[in-house]
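A short worksheet on the structure shown next.
Any read-out appearing in this document is the output of simple, stated calculations on the displayed coordinates, not a laboratory observation. Quick caveat, the model's predicted, so the values are computed rather than measured. Every residue, glycine as well, gets a Cβ built from its backbone with ideal geometry; the counts of neighbours run over all protein chains shown.
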Amino acid sequence: MALKIVQYFELTAFTSANAARSLANIDQADGIVQKGDTGAVVHRYQNFFINQQIKRAGKRFDFAPFKMEGTSSTLGGDNALVQVLFPNVEVALRLVEQGNGNRLSRLELTTAWLNENDGETKSIAERFLGIGASFSETTIELRFRSAMDSVSGKFPARALSRNLVGIVPLNSELRLQ
Amino acid sequence: MADFPSRVSATSRIDIKPTNRSFSFGEYPIKSYRSISGAVIKRAFGNRAFNYSLELEFANVSDAIVSVIFDHYHGQGGPLNGFRIPDTLLSGMDSDLAGRIQRPEGILWFYEAAPEVQSIPPDLNTVSFSLTGELAYQ
């Protein structure tokens, strides 16, 4: 069966110290809670409808030729890392610069499946935090990671202390008797 | 953006018409996965066609026409800038079909490579080049 895939890119870029306060309001379960977002700039783009503006959930998304790649998941529950590639154009430069090099930005990326009549059949929204950007002569790569690492299997972490193990060794030699 | 010239000069009556042409309808941004069973899954990532092509040949034309094409090619920065094509490049074709080829939605034409010229003195040339119709990001 043929399907059409559209991605909606909604990036909130923070321009000031206000960012730190807003980035602290992250709730992985409920999504990113936005509080006190004054000073933030929101960019909305979609990558399917060429040179068209699409209205979705009351928001307007302009066309931008971006693509997302690199997401992965592991049993260890590491942060998911993704890259969003833009052509090296003014719009993308603004995205990076307004988010302080994409270090103070938050991304909601929604992938939607369309039927033959361009009607949306289902969608998945993912949320990421900006961790930087890189430039080449033709592309701008925005790098993101998931908002929070999952809880590791060794929780709570164990600690070596003199009370638990006696005299703590000063080197790595083991002597069996 | 300067349109492809339809005449040698504004005051000239000599149209620049190709003697031979071929074209393709463009393609869509679709990726396919074919499973080991032979079943195929297709996914589309854009709603418009791109990569139209129009191959043109101008046989036995004068040096003046070659000069006009030369100037237009360099005026566009070679394959850098897109442009529109005039009716003369599709002369002799049904107007309905010509309109479809001339103005696909959102498409601008680009030189695919530098035009090639066979020069036969005196004042006879054969020029050939290909244009590519691309979706220009505004």
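Note on the stretch B:20-135: along the principal axes its Cα atoms extend 63, 30, 25 Å, ordered by decreasing extent. Taking each of A:K67/B:K42; A:K55/B:K42; A:K59/B:K42 in turn, the alpha-carbon distance tops 22 angstrom for A:K55/B:K42; A:K59/B:K42. For the stretch B:20-135, the Cβ-based charge dipole about the Cα centre amounts to some 880 debye (Lys, Arg positive; Asp, Glu negative; other atoms uncharged). Within the shell of other residues whose beta carbon sits under 9 angstrom from the beta carbon of A:L114, the net charge comes to -2, with Lys and Arg scored +1 and Asp and Glu -1.
Give the residue from B:T11, B:F25, B:F58 lying farthest towards the positive end of the charge dipole for the stretch B:1-80; charges sit on Cβ (+1 for Lys and Arg, -1 for Asp and Glu) and the dipole is referred to the Cα centre. Going by the Cα projections, it comes out as B:F25.
Across peptide B:41-48, the average count of Cβ atoms from other chains found within 10 Å of a residue's Cβ is 6.
If R0 equals 51 Å, the separation of the Cβ atoms of B:D63 and B:S95 corresponds to a calculated FRET efficiency of about 0.95. In chain B the longest region clear of chymotrypsin sites (Phe, Trp or Tyr not before Pro) that are loop-assigned by DSSP and have at most 14 other C-beta atoms within 10 Å covers B:26-136.
In whole percent, what relative contact order does chain B give with Cα contacts below 8 Å and a gap of six or more residues? So the answer I get is 30 percent. Summing +1 for each Lys or Arg and -1 for each Asp or Glu among the other residues whose beta-carbon sits under 15 angstrom from that of B:G78 gives -4. In this structure, the amide hydrogen of A:F61, modeled 1.01 Å from its nitrogen in the peptide plane, lies closer than 5 angstrom to those of A:I54, A:K55, A:R56, counting only residues at least 5 positions away or on a different chain.
Seen against the Cα atoms of chain B and their longest principal axis, helix B:63-75 is set at about 50 degrees.
If you look at the Cα atoms of the stretch B:33-79, you get an Rg and a Dmax of 20.9, 60 Å.
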